[in-house]
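Q: Mind having a look at this structure? Questions to follow.
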């Protein structure tokens, strides 16, 4: 069954152009001390306010409007944001698409997308996160605790556990 799922998932990803971000593979817990990253370099905050990832627990998730697996993970990220908001966790969805495209999409999503959304500044945030870990597929999320990546992987597989561990 798993082989059939992996085959179908791979075909779907190749057809949609989202890259190879299999929700059953590639989740990584980084060293307990974490791996320091820089600030979010944002060209425009489409939804929400600026997030300082150097403090507390934050999730930085890379996505695109044209990516079906990304659109599938949006309601889960909203549920996760609601679940952990009172504990100070911020979720930030980062894309490198145009402002018009993203604003239209976020407006159409309405309450289904209740977390911060940002447009990457010249792919600098993507390079800092995705490039550092050699990740080529989206959606992909990073749990950042006090400015250090402590976990990364598919947002539909293991994200809640990673947040819980970071909050300990």
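Q: Once R0 is set to 30 Å, what does the formula 1/(1 + (r/R0)^6) return for the Cβ-Cβ distance between residue 65 and residue 134, expressed as a FRET efficiency to the nearest 0.05?
A: Result of the calculation: an efficiency of 0.80.
Q: Could you calculate the contour length gain from residue 112 to residue 45, that is, 0.36 nm times the residue separation minus the distance between their Cα atoms, to one decimal place in nm?
A: 22.4 nm
Q: Between residue 161 and residue 72, what is the label-to-label distance in nm when each label sits 7 Å out along the Cα-to-Cβ direction?
A: Taking the simple label geometry, residue 161 and residue 72 are separated by 1.9 nm.
Q: Same structure, new question: Arranged from highest to lowest average of other beta-carbon atoms within 10 Å per residue, in what order do the peptides 47-59, 149-161 appear?
A: For the peptides 47-59, 149-161, the packing ranking is 149-161, 47-59.
Q: How far apart, in nm, are two points set 7 Å out from the Cα along the Cα-to-Cβ line at residue 98 and at residue 52?
A: 3.5 nm
Q: For the pair residue 127/residue 146, report the inter-label distance in nm, with labels modelled 7 Å from Cα in the Cβ direction.
A: 2.9 nm
Q: Then there's this: Once you treat every alpha carbon in the stretch 57-168 as an equal point and sum by Debye, what is log10 I(q)/I(0) at q = 0.10, 0.13, 0.14 Å⁻¹?
A: Treating every Cα as an identical point scatterer, log10 I(q)/I(0) equals -0.25, -0.43, -0.51.
Quick note: the coordinates plus some simple rules give every number you see, no bench work behind them. Small disclaimer: the values here were computed from a predicted structure and weren't measured. Virtual Cβ from ideal backbone geometry, glycine too; neighbours counted across all protein chains shown.
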